[in-house]
Every structure is written in structure tokens, then in C-alpha cells.
Amino acid sequence: MSQPAQSYADFYRHSIEQPDAFWAEQAGLIDWFSAPQRVCNWDNPPFAQWFEGGKLNLCHNALDRHLKQRAQQSALIAVSTETGSERVYSFEQLHAEVQRMAAVLLALGVVKGDRVLIYMPMIAEAAFAMLACARIGAIHCVVFGGFASGSLASRIEDAEPKLIVSADGGSRGGKAIAYKPLLDEAIRLSSHQPQAVLLADRGLATMDLVPGRDHLWAQLREQHLNTPVACESMDSTDISYTIYTSGTTGKPKGVQRDTGGYAVALAASMKHIFDGRAGETYFSTSDIGWVVGHSYIIYGPLIAGMATIMYEGLPTQGLDGQPNGAIWWQLVEKYKVTAMFSAPTAVRVLKKQDPALLKKHDLSSLRALFLAGEPLDEPTARWISEGLQVPIIDNYWQTESGWPILTLANAVEPKEPRFGSPGIAMYGYKVKLLHEATGEELTEPNQKGVVCIEGPTPPGFMQTVWRDDARYLKTYWQSVPGKMVYSTFDWGIRDADGYFFILGRTDDVINVAGHRLGTREIEESISGHPMVAEVAVVGVADQLKGQVAMAFAVLKDASLAGDAQASMKLEGEIMKRVDGDLGAVARPARVRFVTVLPKTRSGKLLRRAIQAVCEGRDPGDLTTLDDASSLEQIRQRLAS
Ligand code: ATP
Ligand code: MG
């Protein structure tokens, strides 16, 4: 890497002190049909409007503008180890497919501003659908393909889509999952009815088509093979999409995103943070159902002129359907991936594989691995860092922000990552630590506070909650006393050099006999035990102490979970460990061993559900729960 033209500190300061000049310059990274008249309108806080007067199109920026220079280069690489397929689309081919999809959407009556709900597995058609929506100015609402009817129904209800794009089925671990019956049931449950349903048929499951409503993509595509569809000229502040948060802490919130701010934020982050260069390949292992999939599988890499890999399948299965713990590294080698993006939860899965698998492949193209979504624990970071021999860059953000809030902008100035820290405040973000009760700003190093963002929020940040400005205000901007600031609802500290450490979510604090304890700190102590693979700690109501901590751990040797004697011995060891690390007050009242923990479909611990079960309450919204048997195990272990 060449010598940085400036220090990151200067770069950051410029973004905060001269935001208009800074972002006007970043706006030059994308194509505008008409230039913006005003960089940031903050007249009506907290509703920031970016690049007013500007006209553009996301799909144009992702595809059309690259045709002159790189029509024949790869744009989309769709790999499925579930069906053993691998399809590569050049920019020209992807452009053609997206136009066909756009023509079909138009033919089915979709117009600018209409919502199109996308309930799809990780196949190329899902990318066509998203980009086609952007092309014609329809608002897409992608719902994770693994969700069941109930979760899907509530999202149909909220988004009121004119059209739904789906498929006959998905597949997980070689087992086909029929989507169509789930979709039909969801539509039946919903009071809103879509006008039309467009279906990709992969030959995985049979479909009963509803006459007049359901259409097959393959058939309509044939009719529109050569129908050109121009890019709609969108206002910068027009809505590009809505997406729901993971639902880790409660009912998912419909995050609404603009067009111009988002395009600029992504182009800037691809350049400064991910160091993604046109003509190279990007590989994010996320899913289009999550925000990472929107920003860094579809839009970000394509806007940057990169090829992007869309991967359907487990990280432990090969294209021949056989177990293969090195499939990701094979893809890195084959497509010369330069930047890879994944989540700690996925790396923990790979960690159980033979470490030699990593060394068998030529990974010399790779410059960095980015991880996000949950705290990156030190053992996991160390394992993957030693295996790959490239910087492991943790990045902290939320569905709400659309791109990293905390990380390292190594393409501006390379900095050493610090174990346990996702990094420093990114340009454009005025990140503050505030005292939870008084709202006072904590400016000394290593003080613990709520991570907040002072407005105006930067480009790419959510505009509001879909159709609910009041909820946006109340949920996010009115939680800190006496101040209108955006709360992330995460605890953090900042060291003397500006590195942040995320200590868990604000609702993960428990109160034992007047002592406030973070469940995450107790979890860290417990996961230090050599036999523990994973652990969840929750606070449970207690008559005497107010609350007590309860721990549920997964052991590396799962067979021990059912062994009463071994469990008792381990429980004692773990309690002693916590006593030593944090003091007896933090000691869990009980440590129970399970084989799987309740997580969201995106791999995050569902502490609120565990807590509810421990307190004998209704666990509430479980639509995002991955494995229902996990809560059942908790129930059983409590009874034993
Ligand atoms: P909901 O808001 O519906 O409860 P969620 O917060 O899990 O769900 P997301 O937007 O997917 O939904 O996740 C963002 C949250 O994930 C952050 O607020 C933080 O708690 C956690 N997180 C993300 N990245 C990191 C990271 N690098 N380190 C620590 N925590 C992270
Ligand atoms: Mg959240």
C-alpha cells in the first residue's frame, strides 16, 4: 500500500468539521443524473436529508455505468453447494437479466414507489429482483428466506407489497425446503393481499399456482428477453428499500433507507474501509435477508465495479454435496477474492474443522477478512488470524446504520487492530459515550457508557422507521435524558487512543443485590474455561437479590451435557472461575449445559427468550428464533 496522503485523524476531523465539503467530495464517487443542490438538510432533526436535489439510480451505479469499461468482467458469481451449481454473470449479462426482471415487474403492474417483497434463497434471481426494483424505483423489502409463515406474514402486513418475488424452495444442508406453501400460508394470514406473485422454479419442490395471481419467472422472462428498461431517475431522498432488524431484543423494526445517501455511503466505504478495487472479487458470506447482504453482497461491491460472490450453502459442504470444510477457501482461491466479509458465528463453525484445511489453498489474493454482527472473541480472532495471515478487521454497525460505525479505515491509513475492539469511530459518525442515567458525556478514557451518535447521522443511515416517524423518534432519539441523540442501545468504553470496546446491549444488564453487572462480562469469564465452546448468561428475577445470573453453556464435548456427574463438577469449576474474575456477586446461581443455544437466524444470542423461559414467562416474539429445540432444552435443564 502506498504512503497515505493524510492521517485518518485528519480525514475524520474533516468529515466532522466540514461535513458538507467532505461528503460533497465523496458524492463524486458515484454517477448523478443531476448534481445535488444541498449536501445535508438538518432543518428538521433528527431527520437528516442527504444530497437534496440530486437525481440518480442505484442500479445505474451498480451496473450501467460499468458497461463502458468492464462489460465482459465478472459481476455476479452465484455458487450453490446445495444444488451443486456455479453461474458467473458478466456485467453485460447481469445488466441484461436485470432489465428482463425489470420488464417483468413493470408488466405485472409495479410502478415507482410500490413495494416489492422478496422472499428468496441465495440465488442469482434474488439479485436480479433487488436490482430490478432499484432500476424502476420500486421499494424492495427483502425477507430472509429461512423465515416461516408467521414472520413473513407480519412483514407482508407491514410492507403492503404489490408484488412478491419468491421461489419454489431453498435448501439447507442438502435438504430442500419448500417456500411456496410457507408463502401461501403467509399471504393467507395477512390482511394485505399482493396483486401478483412471481416465482423462480429451481426444481426443488412442486408448486400449486394460484391462477391469475402466480406467475413463473422463466415464462415471463422469455417474453421480455429484449425489452429495454431505462433507469428511473430517483430523487436522492427517495426510498430505496426497507429491511427489518434481526429481532434480537424485541419486535423487528422496519428500517427505511434513502437512495443518494446510501449510494454515496457505500461507494465511500468500499474505497476507504474495504479497500475494494474495480475488477477484483468480493466475497461476503452473509445473506441478502440481512443488511450486510444488501450493502456488501449486492450494492457495495457492484457500485465499486467488483465481482461479488453470492453463496448458498453451509460453510462445511462442497459443490459435490460432500462434507468440505474448505469450500470458502476454494472459492477465494478460484475467484482471487481480495476482500472477504463474514461473521464470528460462521468462523466458530469453521474452527471445529481441521485447521490444516486453511493452508491447503492459495489465499494470496486475500488482503483482509472483515467480521461483523456480534462481538468477536479473542480465541476466534486469533485462530482465524493465524490461519489466514491477513488482517482480521472487526466492524461494528447495525441494520439502522447501513455501513460500519466503528472499524478501521485501513485504505485511508493502516492501523493495527486491537483484540476485543471493533475499532475507532468512522468518518461522519459523531460517536459519543453517554451516562445512561444523566445523559452526561463521558470523555475520560475507559469510562463505560451507552454508545450514541450525535446528529446529523451520516449518509446511508436509516431515514426513519417505515411509516412510523413517531416510533423512530421515540425508540432511537428520546432514550437519553435531556438530549436528542441516537442511541445504539449498546454499552461501550473507549480507550485513550479512541478504540472502542462494545460491552453488550443495554438491556443485557442485570442487577444483583444492587450491583449492576453486564451479562457479557460474565460470559467472557465463563468462555475462558477450556471446555466451554459457547455460553449465554441472563438475569433472572430473584425474591431475595432482585436478580441472579443464570448461565447456559455449550461444551466442546457435547456428550458431557447429559452427564450429571461431569456437569456438577464443571458447574463448580465455572462458578469458581467467575468468582476469581469478577467477584462472588457475579457468580451464576446455576450453570446448565445444553447442546445448542437459542439464536436468531442471523446467529445472535436471544437472551431475552432465555430469560423469559427462566422466569416462566411467555418468550414473546420468536419469529427470528433459529432452532426451537434450543428453548425446549433450556426448559428441561431448568427442571432437572
Ligand atoms: P434488534 O435491533 O431487532 O433487537 P439486532 O440489534 O440484533 O436486532 P442488527 O441490526 O442485525 O439487529 O444487529 C446490530 C447489533 O449487533 C448491534 O447493535 C450490536 O449489538 C451487535 N453487533 C454488530 N456488530 C458488532 C461487533 N462488531 N461487535 C459487537 N457487537 C456487534
Ligand atoms: Mg438492534
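A few notes on this one:
- Unique match (being open to solvent by 40 Å² or more (accessible area, probe 1.4 Å), in contact with an Asp or Glu (Cβ under 9 Å, 6 or more places away or on another chain) and more than 16 Å from ligand 1 (Cβ to nearest atom)) among P228, P181: P181
- Residue in region 316-327 that is in contact with a strand residue (DSSP E or B) (Cβ under 6 Å, 6 or more places away or on another chain) and either in a helix (DSSP H, G or I) or surrounded by 24 or more Cβ atoms within 10 Å (Cβ to Cβ) (or both) present: no
- Qualifying residue in region 146-158 (condition: under 30 Å from I327 (Cα atoms), touching a strand residue (DSSP E or B) at 6+ places or on another chain (Cβ under 6 Å) and at pLDDT below 95): no
- Check on M531, within 30 Å of the chain's Cα centre (by Cα), more than 16 Å from ligand 1 (Cβ to nearest atom) and either of a type in the set (F, W, Y) or surrounded by 15 or more Cβ atoms within 10 Å (Cβ to Cβ) (or both): no
- Residue check, A102 over 21 Å from I303 (Cβ atoms), of a type in the set (G, A, S) and over 19 Å from the mean Cα position of the chain (by Cα): no
- Hits in region 378-391 (condition: open to solvent by 20 Å² or more (accessible area, probe 1.4 Å) and either within 16 Å of ligand 2 (Cβ to nearest atom) or not in a loop (DSSP other than H, G, I, E, B) (or both)): E378, P379, R382, W383, S385, E386
- Close contacts from region 555-571, counting a first residue that is under 22 Å from R587 (Cα atoms) and a second that is of a type in the set (S, T, Y), with Cβ to Cβ under 6 Å and a gap of 6+ residues or different chains, come to A561/T595.
- Per-region count, region 472-512, residues assigned to a strand (DSSP E or B) and either within 17 Å of K430 (Cα to Cα) or within 12 Å of ligand 1 (Cβ to nearest atom) (or both): 15
- Looking across region 414-458, the residues that are open to solvent by 50 Å² or more (accessible area, probe 1.4 Å), at pLDDT 95 or above and under 18 Å from S7 (Cβ atoms) come down to P414, K415.
- Residue match in region 599-608 (condition: in contact (Cβ under 8 Å) with a residue 12 or more places away in the chain and more than 22 Å from E374 (Cα to Cα)): no
- Here V538 fulfils each of the conditions (1) under 29 Å from Y476 (Cα atoms); (2) open to solvent by 10 Å² or more (accessible area, probe 1.4 Å) apart from (2).
- When I502, I510 are checked against the criterion of being within 16 Å of ligand 2 (Cβ to nearest atom) and either modelled with pLDDT under 90 or open to solvent by 20 Å² or more (accessible area, probe 1.4 Å) (or both), I502 stands alone in meeting it.
- Selection from region 232-250 of residues that are open to solvent by 30 Å² or more (accessible area, probe 1.4 Å) and either of a type in the set (F, W, Y) or more than 16 Å from ligand 1 (Cβ to nearest atom) (or both): E232, S233, D235, T237, D238, I239
The values are calculated or read from the model by the stated rules, or taken from the named source; none is laboratory data. Remember, it's a predicted structure, so these values are computed and weren't measured experimentally. Methodologically, a virtual Cβ is constructed for each residue, glycine included, from the backbone with ideal geometry; neighbour enumeration extends over all protein chains shown. Remember, those area values only see protein heavy atoms, side chains included, never the ligands or the DNA or RNA. Shrake-Rupley method; radii C 1.70, N 1.55, O 1.52, S 1.80 Å.
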